[in-house]
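Report on one structure; see the data block that follows.
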Amino acid sequence: MLEYIYYVALVIALIVFLKGIKEKIDFIKSGQPSPEPRMDKPLERLKFVLKDALVLLRLFKKEKKVGIAHFLLLWGFIILFLNIIVFTIFSAFPDAFRYVYSTFKYMMTLSAILFTSGLILLASIRYILKPSRFNKKYDFAIDDDVVLLLLFYVAFFGIALKEYFRFHPNFANTAVVDFLWFSHAFSILAIFALIPYTKLMHILAAPISVYTKTRRKPGETRPAPQVEDYIGLVYKKDLQRRDLLSSLACMRCGRCQDLCPAFNSKNSLSPMFLIQNVRNIEKISTGKIEMARPYIVKKENKEEIKEEIKEETLVGQLLDMDALWACTTCKACMENCPVYVEHTDIIVEMRRGVIERGEAPPDIRDLLTNIQKQKNPWGEARFKRDQWVKNAEVEVKFAKDSEFDWLWFVGCAHSFDSRNVQVTLKLAKILKDIGVNYAILGREEGCCGNDVRRIGEEGLFQLLKEENLKTFEKYGVKKILATSPHCYNTLVNEHNGYEVKFILETIYDAIKSGKLQLKNPINKKVTYHDPCYLGRYNGIYDLPRKILKSIPGIKLVEMPRNREKSFCCGAGGGNLVREYPGEDRPNNIRAREAAETGAEILAVACPFCMIMLEDGVKSQKLDEKIIVKDVIELVYESAYG
């Protein structure tokens, strides 16, 4: 009789499970097809699934304890699930079960050890160690504790059943066996049925999300869907299928918001909340639940908040306006996501929709107008772009007047910002002395458009790109030196046919070859800040450190968050010239972190980082403890005294 009850429960669980799976498939199919290949090179993609979804190497590299715990839980669950299938089949054939029991009991023991160990580790991390990412819980995460308790329930009765069999090998049909077996089996059936309706859906969605990860270089922008009238992510129908799929793969682990400059500044943006809002978009768009936000930025006019949230569009369903423009496009969220969710790409596409609908905030409109008219973010007159040349120690050649091997693409900040112009002047002398045959475009140089594209103004980016390409063609440019990581990113990833070098590569080559002698010691403790567009976007982490270590006297100390885990200065995505919303500011947070290392110099390799971190040091009243210098300035000081 009890066996029949079990099989009825099994059928019911299967029906509930399949109904939920169908709903999730329909949910994914409601989105736009991906404009980039997501299923090509299957063997290569399967390797990623094996490595990152089954062995969990990506997670292990970032957090060893959590990686081990997840590995134990995952494989304990897989083996446990296989065990229950075997037990279900052979329960109808008790005589046959005796022949497989010796193997079965060892598998039960293994699954119990793995599963329970993983559960205990994860529970202790979440509830005892409690990393900061768990401080702000998603508003509708009602299943977190329930799922964990249910998993413990499975583990407890599984171990009890196994131990009973160990001490009662004659398989007596007792009430104890029935109770333990059905408690264990029914809890597994409950979990099985609940998979599509809870965070456990990531068990199925995560491997698919990993399989369909983008094969674009990190510095390339995601292509837009090739459908009629698409202007960006405006309505829920504009979401790509991959985004809907990845929202189901999201476990709400919070790693994406760990390093998010907006979230850490107590802004209304959290990458985790964004993706969970995508997952719940049907409920939010129909008014069943409200859009969740980690924080609401205080404003004097409360009606202004209501006005900004336009319920019929994704602004108001996934993010509010403050959150949308607070993103610095640093990609820390994407770098730290175990299942390759594309948070930043979604935000950039939403910005594109806002720009196309003419709803951009005034400061963003002013920024874009400045770049369109004067080809720089500050709106400085274009003829001033080469004014720094008048103060150079050496002759600086212009492309229109000379032949050259390398075009030095100086960039907006190194041409107009007074602090960064000091770096430019030093760099001009270094390049001259190490024998680089270069020239600059001067007033003919335009904005690279890197941040214009990340703001979402695709039309203006294409215009800037076309203008630059025409200028490059005019002077026969083949090789380009980029001073700014932002310029470097767009020139190396979004312009084809050129040999592009970041300026520090040329300097390091000169140091190695002996052309640039670093004679004068700098007896200071130095910490280095990794720029997002040099590090996470282009994988250049060691180069600046090698240069700093080449300078005699420097003692290099690392901030806790460095390399792939570097904390953004807050300038990217158009925030260089904006008043950043939130209770704190990313540059202030980073300045405090740098000062806490005891370093006397905060070294940077990006003009935007220079502007932001110098401001952060001053605003936090740390300028007597630490000063901000470009790596190039330190090289110059060591070479020339």
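Hey, can you grab everything whose amide H is under 5 Å from the amide H of GLN240? Only 5+ residues off in sequence or another chain; H modelled, so Pro and N-termini drop out.
GLN32
By Kyte-Doolittle mean hydropathy of at least -0.5 and Cα axial length of at least 15 Å, which whole DSSP H helices of the chain are selected? Walk me through the numbers before you get to the answer.
Details: long enough: 2-29 (40 Å, 1.20); 64-90 (39 Å, 1.97); 94-124 (42 Å, 0.86); 144-167 (35 Å, 1.33); 175-194 (28 Å, 1.90); 343-356 (20 Å, 0.00); 362-374 (17 Å, -0.89); 418-433 (23 Å, -0.13); 458-474 (24 Å, -0.76); 503-513 (16 Å, 0.49); 607-619 (18 Å, 0.61).
Membrane-span-like by this criterion, though nothing is claimed about a membrane: 2-29, 64-90, 94-124, 144-167, 175-194, 343-356, 418-433, 503-513, 607-619.
Here are some pairs, LYS470/LYS629; LYS384/LYS629; LYS24/LYS47; which of them have Cα atoms lying more than 28 Å apart in this structure?
Violating the 28 Å Cα-Cα cut-off are LYS470/LYS629.
If R₀ is 30 angstrom, what is the calculated FRET efficiency for the pair GLU403 and ASP433, using the beta carbon separation as r and rounding to 0.05?
My answer for the efficiency is 0.90.
Can you list residues from other chains, or at least 5 along the same chain, whose modelled amide H is less than 5 Å from the amide H of VAL500?
Residues meeting the criterion, in which the H sits 1.01 Å from N, are ILE480.
If you put +1 on each Lys and Arg Cβ and -1 on each Asp and Glu Cβ, how big is the dipole of the chain around its Cα centre, in Debye rounded to 20?
It comes to approximately 1500 debye.
Ranked from highest to lowest mean number of other Cβ atoms within 10 Å per residue, what is the order of the peptides 179-187, 251-259?
So the peptides 179-187, 251-259, ranked by packing, come out 251-259, 179-187.
What distance in nm separates the two pseudo spin-label positions at LEU129 and ILE68, each 7 Å out from Cα along the beta-carbon direction?
Simple spin-label model gives 0.9 nm for this pair.
Please state the relative contact order of the chain as a whole percent: Cα pairs under 8 Å, 6+ residues apart?
It rounds to 12 percent for the chain.
Can you show me the helix-derived [θ] at 222 nm for the chain, built from DSSP H runs with n ≥ 4 at -39,500 (n - 2.57) apiece and divided by the number of residues, rounded to the nearest 500.
-16000 deg cm²/dmol
Give the cross-link partners of LYS288 among the lysines, using a straight C-alpha distance below 17 Å as the criterion and excluding same-chain residues fewer than 8 apart.
LYS236, LYS310
If I take R0 = 56 Å and measure r between the Cβ atoms of LEU43 and LYS555 in this structure, what FRET efficiency does the formula 1/(1 + (r/R0)^6) give, to the nearest 0.05?
0.75
Explain nothing, just the number: dipole magnitude of the range 489-641 about its Cα centre with +1 on each Lys and Arg Cβ and -1 on each Asp and Glu Cβ, in debye rounded to the nearest 20.
Once rounded to the nearest 20, the dipole reads 460 debye.
Residues with beta-carbon under 9 Å from that of ASP345, excluding ASP345: net charge, scoring Lys, Arg +1 and Asp, Glu -1? Walk me through the numbers on the way to the answer.
Working: positive: ARG222; negative: ASP243, GLU342, GLU349.
Charge balance in the 9 Å sphere: -2.
Count charges around ASP143 for me, please; just the other residues with Cβ under 10 Å from its Cβ, Lys/Arg as +1, Asp/Glu as -1.
Details: positive: LYS199, ARG252; negative: ASP144, ASP145.
Neighbourhood net charge equals 0.
If each residue of separation counts as 0.36 nm, what is the full-extension length gain between LYS51 and LYS470 once their alpha-carbon separation is subtracted?
Full extension from LYS51 to LYS470 adds 146.4 nm.
Per the 1.4 Å probe, what fraction of the accessible area of the chain, in percent, lies on carbon and sulfur atoms?
With neighbouring chains kept in place, the figure for the chain is 58 percent.
So, counting K/R as plus one and D/E as minus one, what does the shell of residues with Cβ under 15 Å around LYS47 add up to?
Net charge around LYS47: +3.
With a 1.4 Å probe and every protein chain left in place, work out the accessible area per residue of the range 398-513 in Å², rounded to a whole number. Don't jump to the answer; show the numbers that get you there.
Values: 4060 Å² over 116 residues.
Solvent-accessible surface per residue comes out at 35 Å².
Search the structure for amide H atoms under 5 Å from the amide H of ILE627, placed 1.01 Å from N in the peptide plane, and list their residues when 5 or more places away or on another chain.
It is ILE601, LEU602, by chain and number.
Out of GLY574, HIS486, THR527, whose Cα points farthest toward the positive end of the dipole of the chain (charges: +1 Lys, Arg; -1 Asp, Glu; placed on Cβ)?
Projecting each Cα onto the dipole axis, the largest value belongs to THR527.
The values are calculated or read from the model by the stated rules, or taken from the named source; none is laboratory data. Keep in mind it's a predicted model, so treat the numbers as computed, not measured. Please note: Cβ atoms are built from the backbone with ideal geometry, for glycine as well, and neighbour counts cover all protein chains shown. For the accessible areas, the whole protein counts, side chains as well, though only heavy atoms, and no ligand, DNA or RNA atoms are used. Shrake-Rupley method; radii C 1.70, N 1.55, O 1.52, S 1.80 Å.
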